[in-house]
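Reviewing the structure listed below.
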Amino acid sequence: MSAVLRGADGTRLSVDHGLCSGTGHCQEAAPGAFRLADRRAWPAEGLDLAAADHAGLRRAADACPWYAITFTPGGNG
Ligand code: SF4
């Protein structure tokens with residue numbers, strides 16, 4: 001099961017909860033973009049993916065030790 005968020009510009013952020021172990025590295029790499037609940041990461045409430053820090057989200061995906069995060073930028077790259 002995955003937590004998936006889509007932005008108005010087609011940007012997509014997902015966390016695969018079959019892989020995530022709740023380490024919190026993603027929160028450190030992209031402050032404000034993720035929350036932890038039930039030992040899993042979720043896109044933060046109200047996160048506007050079209051306006052979000054895409055470099056930070058890429059860092060978060062790279063920082064995840066279990067490759068649980070998939071970030072696909074939309075129209076704005
Ligand atoms: S860095 Fe990866 S394993 Fe750690 S909480 Fe974030 S998504 Fe889960």
Near pairs, Cβ below 7 angstrom, 6+ apart or cross-chain, from region 31-42 (on the phi > 0 side of the Ramachandran plot) to any residue that is of a type outside the set (K, R) and within 10 Å of the ligand (Cβ to nearest atom): R39/G22
Candidate set: region 15-41, residues that are assigned to a strand (DSSP E or B) and surrounded by fewer than 17 Cβ atoms within 10 Å (Cβ to Cβ); chosen: the one nearest to the ligand (Cβ to nearest atom): L36
Any chance V4 is surrounded by fewer than 16 Cβ atoms within 10 Å (Cβ to Cβ) and within 15 Å of the ligand (Cβ to nearest atom): yes
Test: residue in region 53-72 that is open to solvent by 80 Å² or more (accessible area, probe 1.4 Å), near the ligand (Cβ under 10 Å from one of its atoms) and aromatic (F, W, Y): yes
Long-range neighbours under 6 Å by Cβ, at least six apart or interchain, first residue free of Cβ contacts under 8 Å to residues at least 60 places away in the same chain within region 53-77, second assigned to a loop (DSSP other than H, G, I, E, B) and of a type in the set (V, I, T): none
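The values are calculated or read from the model by the stated rules, or taken from the named source; none is laboratory data. Everything quoted here is computed from the prediction, not taken from an experiment. So basically every Cβ, Gly included, is an ideal-geometry build from the backbone, and we count neighbours across all protein chains shown. What goes into the accessible areas is simple: the full protein's heavy atoms, side chains included, and nothing from ligands, DNA or RNA. Shrake-Rupley method; radii C 1.70, N 1.55, O 1.52, S 1.80 Å.
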